[in-house]
Amino acid sequence: MARWAIAIHGGAGVDPNLPESRQEEAKRLLARCLQAGVDMLRSGAAALDVVEAVVRELETDPFFNSGRGSALTRRGTVEMEASIMDGRGRRCGAVSGVSTVKNPVSLARRVMDKSPHSYLAFDGAEEFAREQGLETVDNSYFITEDNVGMLKLAKEAGAILFDYRIPLTGTDTCSALAGAVDNKHNGMVMNGLPISIYAPETVGCAVVDSTGACAAATSTGGLMNKMTGRIGDSPLIGSGTYACDACAVSCTGEGEAIIRSTLARDVAAVMEYKGLPLQQAVDYCVKERLDEGFAGVIAVSKTGEVAYGFNCTGMFRGCATEDGFMEVGIWE
Amino acid sequence: MGWALALHGGAGDIPRTLPPESREPRLATLRRCLDLGSAALRDGRAALDVVELVVRELEDCPHFNAGRGSVLTAEGTVEMEACVMEGATLRCGAVSGLSTVANAVSLARLVMEKTPHIYLAFDGAEAFARDQGVETRDPSHFITENNIERLRQAKAANRVQIDYTQPLKGQQAPQDPPAPVDDNCQTGTVGCVAVDAAGNLATATSTGGLVNKMAGRIGDTPVVGAGTYANALCAVSATGKGEAIIRHTVARDVAALMEHAGMPLRDAAARVVAATPRGAVGLVAVSRAGEVSMAHNTTGMFRACATEDGHEEIGIWTDGDAL
């Protein structure tokens with residue numbers, strides 16, 4: 001028998017000035033979701049079911065940027081995306097542009113289990129959700145007061161959310177950049193947004209169960225003030241989410257940087273092709289494979305290890321293993 | 001060192017009995033695109049410009065499944081997607097769900113260069129196309145008679161996906177076995193990879209997706225690391241069964257084997273193709289050193305390559321069969 005392990009996250013790139021009460025709230029939520037996953041694993045649930053159930057919990061709570069509580073597009077709407085991957089057979093499912101499905105991760109799983117495809121988006125994804133009888137709600141259900149305020153702040157900050165480290169040709173981004181790195185935010189910026197406005201992206205979960213099967217799932221509302229139609233790393237297999245026989249990985253942070261580095265697949269590729277153990281593979285990818293971008297990674301291996309890594313100010317995270325180790329944290 | 005170029009027009013179960021009227025226009029297009037790309041590289045154009053130029057030409061050709069000639073969704077519409085990536089900077093752009101943009105690959109490049117994002121899809125991508133003033137056409141421009149018939153046959157056979165290159169009934173030579181009902185490979189996606197004289201690498205891929213696909217379906221083409229990837233070592237464009245290419249992160253894996261295991265391009269490409277289910281994948285790839293791979297585990301792949309030292313190859317089935 002293998003040993004189970006679970007890791008979860010609620011986004012990387014946390015405002016160092018986040019009020020203590022919000023920090024405590026985040027930790028309580030992480031601990032509750034982690035415990036739900038641990039309970040399932042103890043009673044012999046499969047990794048795939050556990051990652052789906054845990055991400056559903058995280059989506060349903062408005063605290064993090066997924067499901068209810070998702071970040072808003074420029075137009076003030078919610079466009080959610082999610083993916084799930086089963087390490088055995090590397091089956092996968094993903095959705096983007098979901099606007100009424102209460103739990104996008106479960107729609108991603110239906111795409112994997114019930115459609116001939118791996119990835120459905122926008123109207124086609126919504127239509128499929130209705131065919132499958134998944135619970136749907138009005139788009140306003142996902143929109144929180146907090147996020148309406150954040151969108152207003154993001155627009156005032158002039159932060160158009162460009163991937164500011166990559167030079168744009170032919171566009172004038174200087175004024176936006178100046179707004180984003182204004183000193184009143186200590187110059188700390190994630191995805192072009194002052195860190196106090198930036199909503200830590202994305203929730204995710206990686207699990208190995210007691211049979212040694214690995215699975216990962218990731219879900220997000222994307223970037224605050226994003227263009228409608230924008231797809232980030234979360235639904236992209238190999239970028240935000242990846243699982244194979246050896247490990248399962250979920251990433252969070254600056255989506256564009258994660259896509260360029262195909263971060264989740266690379267943790268597995270470094271284990272496979274360089275022969276590094278899990279934590280070293282995570283460290284290597286965070287240090288060497290991200291360009292200028294900020295991101296965080298959680299991962300588990302088939303032998304029951306957990307690992308995480310990030311190169312920014314904090315990551316909401318939690319992990320637990322069969323031998324009794326359990327940790328919930330935000331900072332380094 | 002030196003420039004190199006490779007392009008494809010899809011991999012799949014291409015019957016060796018493919019009639020001349022299906023074969024010749026495709027080979028002629030491959031020839032024209034190879035010459036176009038080679039001339040551009042000879043003139044010192046950057047790899048990124050060359051792959052865009054060549055893929056635009058392939059999109060405009062109605063015989064391949066991209067741009068005009070894209071296959072139809074279950075609803076009888078086209079939903080095109082494309083991706084472009086530059087190796088040195090890892091900059092990339094992708095689009096999905098386009099129904100009016102004449103050249104999806106060029107919109108992908110604009111997403112890369114003019115937005116803070118990498119990937120735009122459906123209405124948001126169409127709105128961006130209008131903001132940027134790119135050429136758009138009525139959706140009917142992309143729909144060919146052949147593809148209306150392909151969709152009809154796919155629906156009649158209740159096939160979600162059919163092999164794009166299977167001759168239409170009536171065109172089929174009598175000795176041909178009928179296409180197996182479970183044959184769900186996707187052929188006709190187009191792609192191009194290039195390394196220019198300065199050693200810059202770039203890749204681009206464009207597709208209409210699968211015949212009779214569900215509306216909203218995204219395949220491997222626009223997924224960075226699956227159908228398309230480039231870094232400082234190589235540039236890769238893949239084609240075949242999208243779902244298999246996604247789960248095997250085919251394009252990134254060629255690069256990952258070179259980067260993490262120190263493999264040369266051809267070994268890396270051969271290993272990735274061998275590890276993917278038989279009949280599922282073909283790819284074109286070039287390395288910074290100017291090596292070329294056109295590995296595939298399908299019956300055939302419409303493909304062509306050229307290098308600075310004068311080597312040229314155009315083929316469908318085994319190497320060099322259509323020169």
Flag if A:ARG289 is over 21 Å from B:GLY262 (Cβ atoms) and over 15 Å from the mean Cα position of the chain (by Cα): no
Segments classed as strands (runs of 3 or more DSSP E), wholly inside the stretch B:79-127, with at least 1 members that are touching a residue at least 24 places away in the same chain (Cβ under 8 Å), more than 8 Å from chain A (Cβ to nearest Cβ) and open to solvent by less than 10 Å² (accessible area, probe 1.4 Å): B:80-86, B:92-98
Residue count for the stretch A:132-154, restricted to those that are assigned to a helix (DSSP H, G or I) and open to solvent by 50 Å² or more (accessible area, probe 1.4 Å): 8
Top-ranked residue in the stretch B:144-164 [being open to solvent by less than 50 Å² (accessible area, probe 1.4 Å) and in a loop (DSSP other than H, G, I, E, B); ranked as modelled with the highest pLDDT]: B:THR144
Residues (open to solvent by less than 10 Å² (accessible area, probe 1.4 Å), within 23 Å of B:HIS248 (Cβ to Cβ) and more than 11 Å from chain B (Cβ to nearest Cβ)) located in the stretch A:69-118: A:ALA82, A:ILE84, A:VAL105, A:ALA108
Where B:MET301 falls short, out of the listed (1) over 28 Å from A:VAL282 (Cα atoms); (2) not in a strand (DSSP E or B); (3) not aromatic (Phe, Trp, Tyr): (2)
Scope the stretch A:35-68; condition open to solvent by 10 Å² or more (accessible area, probe 1.4 Å) and either among the β-branched types (Val, Ile, Thr) or not in a helix (DSSP H, G or I) (or both); matching residues: A:SER43, A:GLY44, A:ALA45, A:ALA46, A:THR60, A:ASP61, A:PRO62, A:PHE63, A:ARG68
Test: residue in the stretch B:311-318 that is within 14 Å of chain A (Cβ to nearest Cβ), in contact (Cβ under 8 Å) with a residue 12 or more places away in the chain and among the aromatic types (Phe, Trp, Tyr): no
Some residue of the stretch B:21-43 being at pLDDT 95 or above and not in a helix (DSSP H, G or I): yes
Some residue of the stretch B:183-191 being modelled with pLDDT of 95 or more, hydrophobic (A, V, I, L, M, F, W, C) and either open to solvent by less than 70 Å² (accessible area, probe 1.4 Å) or more than 30 Å from B:MET1 (Cα to Cα) (or both): yes
Test: A:GLY13 is within 15 Å of the chain's Cα centre (by Cα) and modelled with pLDDT under 95: yes
Out of B:GLU86, B:GLU81, B:GLU57, sole residue that is on the phi < 0 side of the Ramachandran plot, touching a Pro at 6+ places or on another chain (Cβ under 7 Å) and charged (D, E, K, R): B:GLU81
3 or more residues surrounded by 24 or more Cβ atoms within 10 Å (Cβ to Cβ), at pLDDT 95 or above and more than 10 Å from chain A (Cβ to nearest Cβ): qualifying helices (runs of 4 or more DSSP H) within the stretch B:193-284: B:265-275
Residue list for the stretch B:280-323, filter: within 16 Å of the chain's Cα centre (by Cα) and either farther than 22 Å from B:ARG31 by Cα or of a type in the set (Phe, Trp, Tyr) (or both): B:ALA280, B:VAL281, B:ASN297, B:PHE302
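The values are calculated or read from the model by the stated rules, or taken from the named source; none is laboratory data. In this text the structure is predicted, and so the values were computed from the model without any measurement. Note that each Cβ is placed from the backbone with ideal geometry, even for glycine, and that neighbours are counted across all protein chains shown. Only protein heavy atoms, including side chains, enter the accessible area calculation; ligands, DNA and RNA are left aside. Shrake-Rupley method; radii C 1.70, N 1.55, O 1.52, S 1.80 Å.
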